[in-house]
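The structure under discussion appears below in the form of structure tokens.
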Amino acid sequence: MAFKGSPQFKHGQSPKIGVLVTNLGTPDAPTPKALRRYLKEFLSDPRVVEIPKPIWWLILNGIILNTRPKKSAHAYQSVWTERGSPLMFHTQDQAQALAARFAAEHGDKVEVAFAMRYGNPGISDGVQQLMDKGVDRLLVLPLYPQYCASTSASTLDKLSDDLRQRRWLPELRFISHYHDFGPYIEALAQSIEQHWQSHGRAEKLVLSFHGIPKRNLLLGDPYFCECHKTSRLLRERLGLGEDEVLTTFQSRFGKAEWLKPYTDATLKQLAKDGVKSVQLACPGFSADCLETIEEIGVENRGYFLEGGGERYEYIAALNASEPHIDALYQLLCTNMGDWLAKAPEARSIGAARAAALGA
């Protein structure tokens, strides 16, 4: 087996700390061809679909990849911008903002890169970019506040696949969740309060998280519990009563039961019950994407208004807002505090010294 090296490596170079922020991923273009390639990678991950591989292979290749790409391409076309996919450019903006913050506070000691679990740029690309810059300590932050095996664990799977092919491995730290991190809750609260200042409050605040199959919860995945803890902490910070905030789950796929209550069903019922105004936020999404812009901003809006509701407002994800970047920066510093405090030392004896010793 040939192991990966670091093309830019030089013996005696000063080591650096690397931060790799990751998100789920996005197709390269809003076309059926690009969606087929993206969906095949995404839906082939056993962390995402826990069905026996031979059975799922037939379903995926025989049905889903022949029907879903066209439909998904149409949805992506509705959210695509001049900068491309919203998830892509928001994640890039977040990484750039974090890089600027680290540069201002710590000079050139910390390098920041971003990557996607599925699609481009891949996790291997991000790791290589950091290794080429002399990183010998690597902190990975998947931008999923609530831990889920199909997101956080899948990211570690992919990272491990890359590292097991490398000759030299950096010291590694991995942030698996931050659902109850104080600055993150504060950033969410400030975002909602800013919306209230401009638009006033609605009768109900709906906090919509991405769903997962109920079976995952029963097998021990803590995601459901962490979503509810985020909701409780946010509600308490906002000073709202339990009857003013609803926690729901969106984006279900297939016929199996997923975490409930479902966002779409909840909005239909609220309208039926005579609720006239709702505001929705998605605390589990660190950046706006298809699931927030189209599914929450358009599709679910239609369910509520068509059912008799009169006022529906989606509160944008935190994206690269200053409170969010500050929260992520604090989270990263908390997890690398000793690294930042330690004076850097050359990680080898240097080329000249190595030659003198006969290397």
Which numbered condition LEU138 misses (of (1) closer than 30 Å to LYS272 by Cβ; (2) buried (at least 18 other Cβ atoms within 10 Å of the Cβ)): (1)
Helices (runs of 4 or more DSSP H) fully within the range 50-121 counting 2 or more residues that are in contact with a Cys (Cβ under 7 Å, 6 or more places away or on another chain): 86-106
Lone unmet requirement of (1) within 18 Å of LEU280 (Cα to Cα); (2) in contact with a helix residue (DSSP H, G or I) (Cβ under 8 Å, 6 or more places away or on another chain); (3) not in a helix (DSSP H, G or I) for ALA202: (2)
The listed residue being more than 20 Å from ILE17 (Cβ to Cβ), at pLDDT 95 or above, assigned by TED's automatic domain parsing to the domain that holds VAL21 and small (Gly, Ala, Ser), out of ALA149, ALA189: ALA149
PHE102 vs. criteria within 14 Å of the chain's Cα centre (by Cα), among the aromatic types (Phe, Trp, Tyr), buried (at least 20 other Cβ atoms within 10 Å of the Cβ) and assigned by TED's automatic domain parsing to the domain that holds LEU39: no
Hits in the range 153-200 - residues which are more than 14 Å from LEU141 (Cα to Cα), buried (at least 20 other Cβ atoms within 10 Å of the Cβ) and free of Cβ contacts under 8 Å to residues at least 60 places away in the same chain: ILE185
Pair list, Cβ under 9 Å, 6 or more apart: the range 224-237 residue buried (at least 18 other Cβ atoms within 10 Å of the Cβ), other residue aromatic (Phe, Trp, Tyr) and assigned to a helix (DSSP H, G or I): THR230/TYR184
Qualifying residue in the range 84-92 (condition: in contact (Cβ under 8 Å) with a residue 12 or more places away in the chain, farther than 30 Å from ASP132 by Cα and in the same structural domain as VAL112 (by TED's automatic domain parsing)): no
Residue match in the range 265-283 (condition: more than 30 Å from ILE51 (Cα to Cα) and modelled with pLDDT under 95): no
First in the range 268-296 and under 15 Å from GLY211 (Cα atoms), second anywhere and aromatic (Phe, Trp, Tyr) and crowded, with 21+ Cβ neighbours inside 10 Å, Cβ under 6 Å, 6 or more apart: GLY284/PHE209; THR292/PHE285; ILE296/TYR314
Residue check, ASP45 assigned to a helix (DSSP H, G or I), charged (D, E, K, R) and under 21 Å from the mean Cα position of the chain (by Cα): no
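The values are calculated or read from the model by the stated rules, or taken from the named source; none is laboratory data. Remember, it's a predicted structure, so these values are computed and weren't measured experimentally. A quick note on method: Cβ atoms are made from the backbone with ideal geometry, for glycine too, and the neighbour counts reach across all protein chains shown.
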